[in-house]
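The values are calculated or read from the model by the stated rules, or taken from the named source; none is laboratory data. The structure displayed is predicted, hence computed values, not measured ones. Reconstructed Cβ throughout: ideal geometry from the backbone, glycine too, with neighbour counts over all protein chains shown.
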């Protein structure tokens, strides 16, 4: 059971420190660590959703140069604004 939890947690991006807290039945900080991991999962899932939408548009787009397509450019505008 512990090995399965470790493997699943690692695959989901948890650090070994986070996994240790998860598996420590006496850990006072378990909920904080797990909430942090849930927040990270939500952020990563949103990034993957946006990446999927961008990729789907790129597959259907008829622009010869995808970077000139206004809709494609809009799909990365949030990233461009952080540069």
- Task: Among residues belonging to region 24-55 that are assigned to a loop (DSSP other than H, G, I, E, B) and in contact with a helix residue (DSSP H, G or I) (Cβ under 7 Å, 6 or more places away or on another chain), point out the one that is farthest from residue 1 (Cα to Cα).
- Result: 29
- In this structure, does residue 14 turn out to be in contact with a helix residue (DSSP H, G or I) (Cβ under 8 Å, 6 or more places away or on another chain) and either under 30 Å from residue 74 (Cβ atoms) or surrounded by 12 or more Cβ atoms within 10 Å (Cβ to Cβ) (or both)? yes
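Regarding residue 78, is this residue at pLDDT 95 or above and in a helix (DSSP H, G or I)?
On the way: at pLDDT 95 or above: no; in a helix (DSSP H, G or I): yes.
No.
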- Query: Restricted to region 56-67, and to residues that are surrounded by 10 or more Cβ atoms within 10 Å (Cβ to Cβ) and assigned to a helix (DSSP H, G or I), which residue is modelled with the lowest pLDDT?
  - Reply: 66
- Looking only at region 58-77, count how many residues are in contact (Cβ under 8 Å) with a residue 12 or more places away in the chain and within 20 Å of the chain's Cα centre (by Cα). 2
- Restricting region 28-53 to residues that are over 15 Å from the mean Cα position of the chain (by Cα) and surrounded by 14 or more Cβ atoms within 10 Å (Cβ to Cβ), the one farthest from residue 75 (Cα to Cα) turns out to be 30
- Does residue 9 satisfy the condition of being free of Cβ contacts under 8 Å to residues at least 40 places away in the same chain, surrounded by 12 or more Cβ atoms within 10 Å (Cβ to Cβ) and assigned to a loop (DSSP other than H, G, I, E, B)? no
